[in-house]
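Enquirer: Please find one structure pasted underneath; my questions will follow.
The values are calculated or read from the model by the stated rules, or taken from the named source; none is laboratory data. Just so it is clear, the structure is predicted and the values come from calculations on it, not from any experiment. Counting neighbours? That spans all protein chains shown, and the Cβs are built from the backbone with ideal geometry, glycine included. Heavy atoms of the whole protein, side chains included, go into the accessibility calculation; ligands, DNA and RNA do not. Shrake-Rupley method; radii C 1.70, N 1.55, O 1.52, S 1.80 Å.
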Amino acid sequence: MKAWGRLLAAAGAVLIVLATAAGASAASRAHRRHVQVFRPTAAAGLLLGVHGGYQVGVLFEEPDLAMLVVAKRGKSDFGVQETTYGTHFHGSLPGGRLSADFGAAGSIAVRFRPDGAARERRPFKGCEGKASRTESGHWVGKISLHGEDDYFAVSTGSAGGELDRTFRLRCHVKYALPQPRPESLRERVEPQVGSTLSSIVFGTVSSLVAVRREAGRVVELWAAHVTGAGPGAEVEAAAFEYQGRVPVGRLVQIPEAPAGTLVTTLPGEHPATATLKPGAPFSGEASYLATSPTTHNWTGTLAVRFPGLVAPLTGADFYSSLCVVSPLVKPHGCEYQPPNLEGGGESTTAEVRP
C-alpha cells in the first residue's frame, strides 16, 4: 500500500540522513566543525486485517496526523487500489494513547500495549544518544470504521500494530545536513499521478492526461508509454475531495497494462488521436481527437472504480492533453513538456457508488 510505503520511506529517510552524518563524520574526524542535533520522532501503525476484500489500517505520524488507509494490491500485475482518509489525532503518540475522528468514516480511541521486548537500533557512528525503539503489540480500546455504503466495515476492541520511536541525537558532521520538512495533512492524503519511477528515470514517448475539477472534487487520469519499455502502458487515476473536514484521496495504479491499452498516432501526425482501454478496475474506453491545435475532443464510456467510489473519466467537464514524441528528437520525452489541456466532449457514464 502506498501509504504504508510512505511510512517506511519516511523512516528510511531518517536513516539515510543519519548515515550521511556518520559518513561525513568519518571523513572529517581530524576536523570536526559542526554538531547537528536531530530531534526525536514517533510513528505508529495499527493493522485491522482484510475487510470487504481490502486491507485496512491506520497510520499515525507526528505532529498529529492520522491516515485511515483502505487498499488492495494485485498479485500478478502489482496494481494498487487505495483510498486514504485523513484527520488530526488527539493524545500522545510517544505515550501510546490516541483518538481520531474520521467523520463519516468512523472513529478510534485506543492505547498501546506492547508484547515482549522492543527491537532497538543503536545510533550511527559519530552520533550520541539513545537507541531507537520499535515495539510490537496491540492497540486496545474502541475501533469503529466503515467506508461509503459500507464497502468496508470494521468494529473491534483490539488490533495489532507497532510503535516506533527515535530519540534526540547529537551527530558530528562536517556540514549541516537538511532535515525533512513536515508534510501537511493534505499533502499526505492527496494522491499524485504521472510520476512513477520508470517514467521519471526513462521518460515517456507518449502520455495522455485528463483532468476534471468540479463540485469540490478533482479527478485525474494519466496513461503513458515509457521509453524503451514493451508495448504495454502505465495507467493511473486519482481523485481528491474533502468530506467535511476530512480530506479523502483515492488512487488506482496499473503499472503493467497489456499491449493495446493505449494506442496513439505517430509523432507529428495530424490529426493526433488516441484510444485508451485499460482493464479492471477501469471499465469502458475513451477516445482523444485533436481537431485543431486549440480544440481537443475527449469522449467515451471510460470509468474507474476506486475503493468507495466509481467515477467517470470522460465528458465535457474534462480537460485533456496528448503528447507523442520521438525519443531520437526529444530524448527527455513527454515528461519535460507541460500538458496542453483543452476541453473534452460528452460523457455517457454516470457517477455511482459501488
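Enquirer: At a probe size of 1.4 Å, how large is the accessible area of residue 121, to the nearest 10 Å²?
Expert: Residue 121 exposes around 90 Å² with every protein chain in place.
Enquirer: Residues of the range 35-57 with backbone nitrogen within less than 14 Å of a virtual label 7 Å along the Cα-to-Cβ line of residue 155, please, listed as ranges.
Expert: none
Enquirer: Let me ask another. Given the options 260, 145, 114, identify the residue whose Cα lies farthest towards the positive end of the charge dipole of the chain (+1 on Cβ of Lys, Arg; -1 on Cβ of Asp, Glu).
Expert: 114
Enquirer: Work out, step by step, the length gained on full extension between residue 111 and residue 201: first 0.36 nm times the residue separation, then minus their alpha carbon distance; give nm to one decimal. Walk me through the numbers before you get to the answer.
Expert: Numbers: separation 90, 0.36 × 90 = 32.40 nm, distance 4.30 nm.
Contour length minus Cα-Cα distance gives 28.1 nm.
Enquirer: Which trypsin sites (Lys or Arg not before Pro) in the range 202-248 pass both tests, a DSSP loop state and at most 13 other beta-carbon atoms within 10 Å? Mind showing how you got there, number by number?
Expert: Values: sites: 212, 213, 217, 245; in loops: 245.
Counting only loop positions with at most 13 other Cβ atoms within 10 Å, the trypsin sites (Lys or Arg not before Pro) in the range 202-248 are 245.
Enquirer: Return the single residue from 202, 89, 240 with maximal mean-square fluctuation; model: Gaussian network over the chain, springs between Cα atoms under 10 Å.
Expert: 202
Enquirer: Please say if the range 42-91 is rounded, prolate or oblate, where rounded means a/c under 1.5 for a ≥ b ≥ c the square roots of the C-alpha gyration tensor eigenvalues, and otherwise the choice is prolate for a/b larger than b/c and oblate otherwise?
Expert: Numbers: a/c = 2.59, a/b = 2.30, b/c = 1.13.
Prolate shape, in that a/c is at least 1.5 and a/b is the bigger ratio.
Enquirer: Put a dot 7 Å past each Cα toward the Cβ at residue 340 and residue 229; how far apart are the dots in nm?
Expert: 2.4 nm
Enquirer: Right, something else. With +1 assigned to the C-beta of every Lys and Arg and -1 to the C-beta of every Asp and Glu, and no other charges, what is the dipole magnitude of the chain about the Cα centre in debye, to the nearest 20?
Expert: Details: 35 positive and 31 negative charges, 440 e Å.
Its charge dipole is roughly 2120 debye.
Enquirer: Before rounding to the nearest 500, sum -39500 (n - 2.57) across all DSSP H runs of length at least 4 in the chain and divide by the residue total; then give [θ] at 222 nm in deg cm²/dmol.
Expert: Numbers: 3 runs with 37 residues, N = 354.
That calculation yields -3500 deg cm²/dmol at 222 nm.
Enquirer: Okay, moving on. Using 7 Å Cα-to-Cβ label points, what is the residue 332/residue 292 separation (nm, one decimal)?
Expert: If labels sit at residue 332 and residue 292, their model points lie 3.1 nm apart.
Enquirer: Kindly identify the range 113-203 as rounded, prolate or oblate by the Cα gyration tensor criterion: order the square roots of the eigenvalues as a ≥ b ≥ c, call it rounded if a/c is under 1.5, otherwise compare a/b with b/c, prolate if a/b is larger, else oblate. Provide the component values of the computation, followed by the final result.
Expert: On the way: a/c = 2.72, a/b = 1.19, b/c = 2.28.
Judged from the Cα gyration tensor, the range 113-203 comes out oblate (a/c at least 1.5, b/c at or above a/b).
Enquirer: Let me know the shape class of the range 195-354, please: from the alpha-carbon gyration tensor, a ≥ b ≥ c as square roots of the eigenvalues, rounded when a/c is under 1.5, otherwise prolate if a/b is greater than b/c, or oblate.
Expert: On the way: a/c = 1.73, a/b = 1.42, b/c = 1.22.
It is prolate, given that a/c is not under 1.5 and a/b is the larger ratio.
Enquirer: Along the Cα-to-Cβ line of residue 168, 7 Å from the Cα, sits a label point; which residues in the range 98-141 have backbone N less than 13 Å from it?
Expert: From the range 98-141, the list is 128-130.
Enquirer: May I ask you to compute the full-extension gain from residue 179 to residue 37, defined as 0.36 nm times their residue separation minus their alpha-carbon distance, rounded to one decimal in nm?
Expert: On the way: separation 142, 0.36 × 142 = 51.12 nm, distance 1.02 nm.
Between residue 179 and residue 37, full extension yields an extra 50.1 nm.
Enquirer: Using only the Cα atoms, work out Rg/Rh for the range 54-165, with Rh taken as the Kirkwood radius, to two decimals.
Expert: On the way: Rg = 16.2 Å, Rh = 15.6 Å.
On the Cα set of the range 54-165, Rg over Rh gives 1.04.
Enquirer: Select one label from [x] 23.3, 71; [y] 26.9, 93; [z] 20.7, 71: the one whose number is Rg and Dmax of the Cα atoms in Å as derived from the coordinates shown.
Expert: Read-out taken from this structure: [x].
Enquirer: Now for a separate question. Rank 105, 166, 185 by how far each Cα sits towards the positive end of the charge dipole of the range 75-186 (+1 on Lys, Arg Cβ; -1 on Asp, Glu Cβ) and give me just the farthest.
Expert: Farthest towards the positive pole: 166.
Enquirer: When you count, for each residue, the other Cβ atoms within 10 Å and take the mean per peptide, how do 304-314, 172-182 rank with the highest first?
Expert: Ranked by mean Cβ neighbours within 10 Å, highest first: 304-314, 172-182.
Enquirer: Measure nothing but the geometry: give the 0 to 90° angle between the long axis through the Cα atoms of 2-27 and the longest principal axis through the Cα atoms of the chain, rounded to 10°.
Expert: Between the helix axis and the principal axis of the chain, the angle is about 60 degrees.
Enquirer: Under a plain spin-label model, where a point goes 7 Å from the Cα along Cα-to-Cβ, how far apart in nm are residue 273 and residue 50?
Expert: A separation of 4.3 nm, rounded to one decimal place.
Enquirer: Roll a 1.4 Å probe over the protein heavy atoms and report the accessible area of residue 222 in Å², nearest 10.
Expert: Roll a 1.4 Å probe over it and residue 222 shows about 10 Å².
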